[in-house]
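> My questions all concern the structure below.
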Amino acid sequence: MAQLPPQTIQRDPQLFYWILFPITVVMILTGILRHYATVLMASPPKKVEQPALKEQRSLMHGVAVRSNFHVLTAPSFKARREFLTTAFESGAYLKDPERRGQPPANPMTDPGAMDGMMGMMKNNMAMMVPNTLIMSWINTFFSGFVILKLPFPITIKFKSMLQAGVATKEMDPRWMSSISWYFLCYFGLQFVFNFLLGSDNAASQMAQQMQGMAPQAPNMFGPGVDADKQFQAEAENLAVIKHYSVLDDVEQRLLEGIKTR
Amino acid sequence: MPTEREFQVAPIVPESVMHNTKALSNLQSLTASIFGVAAGILGLESYSGFLFYFIFTILTTILFYTFRVAPTSLKSGLGAFDTSRYFRTQYEFWAGGVFGGLAGYILTWTLFYGLVRA
Amino acid sequence: MASSLLRPPGHLSPATALQLSQQAPIIIKNSPGAVTASALSSLFSAPETPELWTIYENLLLSCLRTGDEESAHLCLGRLVNRFGDDNERVMALIGLMKEADATDDATLEVVLKEYEALLQENPTNIPIVKRRVALLRSIGRIPDAVTALTGLLDFSPTDSEAWSELSDIYFSQGLYSQAIFALEEVLVLQPNAWNIHARIGELLLMSVKSGSGDQNDSAKQLGEALKRFCRSIELCDDYLRGYYGLKLVCFYDPPYRPSKAVGLTSRKTTTQLLNDPPKPPKQAESDGLAPPNLSTLQKLDGLATEKLGEITRRFTAGEKGLAGL
C-alpha cells in the first residue's frame with residue numbers, strides 16, 4: 001500500500017496565543033484554585049462529647065492491643081485480654097448503654113451524620129463544577145479550531161473524540177481540536193501541581209479519582225454503625241489471638257545479628 | 001516474603017516508606033516532563049518517541065539506583081539491583097515510574113512538538 | 001538549628017535550650033508576625049507554613065525553661081493572634097504562661113481554679129486536662145494528679161503521653177508494677193518505641209532491687225528486664241541506655257545474698273545470674289521469661305561491654321548523631 005504523504009495544514013500562529021495558551025493557563029489555575037478550595041472547605045474536626053469519645057477511643061485501644069499484642073509478655077497480655085473482653089462484651093464503653101440491641105439511628109435524621117455527607121458532597125462539587133464549567137467554556141469559545149498535531153499516529157476511532165466540532169472527513173486523526181488539548185491537560189498536569197503545590201495536593205482530578213476507585217475503608221465510627229456490634233466483634237478477635245511475644249528468644253536474635261554483621 | 005512475625009520483630013516505618021516513594025515519584029514526573037520537552041524539540045514521532053521515553057526513564061532509574069540506593073544497600077549485604085532496603089517491592093522501583101510519568105511526557109511532548117514542528 | 005526547633009524541646013540538653021532561647025529575639029524578629037488578614041499582602045509575604053507555628057510553640061517552651069519570659073510572651077501573642085484564645089492547644093499554652101508567671105502558691109491555686117472552670121465547660125479539652133495534671137503534680141497534690149490522669153485515660157485510653165506520665169508518677173511513688181503496667185500500655189500504642197522498652201527494663205530492675213516480691217518473682221522480672229533491654233537494642237543498635245541496662249542486669253547483685261562481694265572487676269563473684277543461674281521455676285518457664293543460660297549471658301555481657309566502649313569512644317571523639325544520647 002502506498003504511503004500517503006503526510007498532511008500539512010497551514011495554521012495561524014495566533015492560535016497558540018489565543019487558544020492553547022489560555023486553556024493551559026486556565027487548567028493550571030483551576031487546579032490551584034481547587035487545591036486551596038479544598039483546604040479552606042475542610043471542616044474543622046467536630047467536637048465530640050465525652051461518652052462518644054470514650055466509645056471511639058476504647059475501641060481503638062482494643063484494636064491497638066489486638067494488633068500490637070506482641071510487645072507484651074504472656075501474663076500481662078492475658079490480663080489485658082480478660083479485662084477488655086469482659087468490658088467489651090458487657091458494653092461498659094458504650095455511649096448510651098440503654099440503647100443496646102436497638103437498630104442504629106437513621107443517618108438521615110442525625111445531624112452529625114449530615115456533616116460527614118456534606119464533606120463528601122463538597123469534595124465532589126469541587127471536582128465536578130470546574131470541569132463542567134471549563135468544558136462548556138471551551139465548547140462555546142474554541143470549538144472548531146485545529147490547534148495541534150499529535151506526535152504519534154492513532155487509529156481512526158479517536159477521530160470523533162479528538163476532532164469534536166471539526167467536521168472534516170479526510171483529516172488525519174492526529175490533528176486535535178481544542179477540546180482534546182483540554183483532555184491532555186486533564187491527564188498530564190499532575191507534575192505541574194506537584195511542583196507548584198507540593199506532592200500531597202488536592203489539585204489533580206486524576207489523583208482524586210484514583211482515590212475514589214480504591215475500596216473505601218469502612219467508616220469505623222461513622223453514623224449508622226452499631227458500636228455494640230463492633231465491640232462484640234473486637235472482643236471475639238481478642239479472644240482468638242494466639243499469643244507470642246517479640247521478647248521470645250530476643251537475646252538469641254541479638255547475638256546472631258551481631259555475629260552476622 | 002517475610003511473615004507477619006518478622007515484620008513485628010523488624011518493623012517497617014510507614015512514614016519512611018512513604019517518603020521514599022514520594023521522592024522517587026517526584027523525580028520521575030519531573031524527568032518525564034523534561035524528556036517530553038526534549039522529544040518534542042527533537043521532533044521525534046510515534047515509535048521513536050516512546051522508545052526515547054522508555055530508554056531515558058530506565059536510565060534515570062538506574063542512575064537513581066547507582067547514586068542513591070546502591071552505596072548503602074550494597075554495604076548492608078544486599079545483592080546488586082536489590083532495592084528492598086528502601087522500597088517495598090522491586091516492581092515499584094523499576095517499573096512504577098514508567099507508567100506514572102507517561103501522561104506528563106505525552107503532554108509536554110505534544111506541546112513542544114506542536115510548537116516547534118507542525 | 002531550625003530542625004531542633006521543630007521537635008518538642010523536652011529532650012534538649014539545658015545548653016541547647018539556652019542557646020535556642022538566646023536566639024529567640026532574632027527568630028521572632030525575622031519571622032513574619034501576625035499573618036495579615038488582607039489577601040493582597042498575604043500574596044507577597046512568605047507563605048505560612050505549619051512549621052512556623054511549631055517553631056513558635058517550641059520556642060515558647062524553651063524560653064520558659066530558660067526564664068526568658070519576654071520572648072515567651074511574644075511567641076504566645078503571635079500564636080493567640082493566629083489561632084485565637086479558644087483553641088485548645090493555645091489555651092493550654094496560656095495556662096502554662098500563667099503558671100510560669102505565678103510567684104506564689106496562691107496564684108497557682110487561682111490558675112488551677114481556672115483550669116477547673118474550663119473543664120466544667122468542656123470536659124474533653126485534653127490539653128487543659130494535661131496542664132491540670134502537671135500543675136497538681138508540681139504543687140505536690142499527687143493523689144489528685146493520679147485521679148485526674150486516670151479520669152483522662154478512662155475516656156481516652158489511646159493517649160500514650162498520658163500513660164507515660166502516669167507511669168512516671170507511679171514510679172515516683174515507688175509503685176513499680178503499676179508504673180510498668182502503664183508503660184506497657186504505651187508500648188501497645190507505640191510498639192516500636194525502643195526507649196520505652198529500655199525504660200520498662202529499668203523499672204523491672206529497680207523493682208527487683210527494691211526487694212519486693214519473693215525470689216521466684218525476681219528471677220522472672222530479671223529475665224524480662226534482660227529481654228526488654230535486648231529488644232530495645234534490637235530496635236536501635238546504638239542505644240546507650242539499652243546496653244547499660246543489659247550490663248546492669250548481667251552484673252546484678254541481689255540484696256538478699258549479702259555474702260557476695262561487690263566488685264565489678266572480679267567477674268566470678270559479682271553476678272547472681274552469671275555466677276549462679278537460678279533454677280528456672282516451672283512457672284517462669286511457661287511464660288518464656290526465664291533468664292537465659294550462662295553462656296548466652298556471658299556473650300550478652302561481652303557484647304554490652306564492647307558496645308558501651310565503642311559508644312563512649314565515639315562520644316568522646318565528638319561524633320554527632322548518636323541515636324541513644
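Nothing in this text is a laboratory measurement; each read-out follows from the coordinates by a stated rule. Computed from a predicted model, the values in this text were never measured in an experiment. FYI the Cβ positions are ideal-geometry reconstructions off the backbone, even for glycines, and counts take in every protein chain you see.
> Can you pull the mean other chain C-beta count within 10 Å for peptide B:101-113?
6
> Along the charge dipole of region B:14-116, Cβ charges K/R +1 and D/E -1, which of B:Ala23, B:Leu44, B:Thr72 sits furthest on the positive end?
B:Thr72
> Using +1 on the beta carbon of Lys and Arg, -1 on that of Asp and Glu, and nothing else charged, what's the dipole of region C:38-170 about the Cα centre, debye to 20?
The dipole of region C:38-170 has a size of about 140 debye.
> Separate question: Checking the a/c ratio against 1.5 first, then a/b against b/c, what shape does the Cα gyration tensor give for region B:14-116?
prolate
> Across the residues of A:65-74, average count of Cβ atoms on other protein chains within 10 Å?
Per residue, the number of nearby Cβ atoms from other chains is 6 on average.
> Neighbour counts of other C-beta atoms within 10 Å: give me A:Phe191, A:Phe142 arranged from fewest to most.
A:Phe142, A:Phe191
> Continuing with the same structure: With label points built 7 Å along Cα→Cβ from the Cα atoms of C:Thr107 and A:Leu40, find their separation and express it in nm.
Label-label distance for C:Thr107 and A:Leu40, simple model: 4.3 nm.
> Quick check: Cα centre of region C:192-237 to Cα centre of region C:67-98, how many Å?
Using only Cα atoms to place each centre, the spacing works out to 40 Å.
> Evaluate the charge dipole of region C:98-188 about its Cα centre and quote only its size in Debye, nearest 20, assuming +1 on the Cβ of each Lys and Arg and -1 on the Cβ of each Asp and Glu.
In debye, rounded to 20, region C:98-188 gives about 40.
> A further question on this structure: Could you pull out every residue, at least 5 positions away or on a different chain, whose amide H is within less than 5 Å of the one on A:Leu148? Hs are placed 1.01 Å off N in the peptide plane, and Pro or chain starts have none.
The answer is A:Met176.
> Using a cut-off of 14 Å between beta-carbons, work out the net charge of the residues near C:Gln19 (Lys and Arg +1, Asp and Glu -1, C:Gln19 not included).
0
> Pairs C:Lys247/C:Lys299; A:Lys54/A:Lys229; A:Lys229/C:Lys130; A:Lys122/B:Lys22; C:Lys220/C:Lys307: which are spaced more than 23 Å apart, C-alpha to C-alpha?
Beyond 23 Å: A:Lys229/C:Lys130; A:Lys122/B:Lys22; C:Lys220/C:Lys307.
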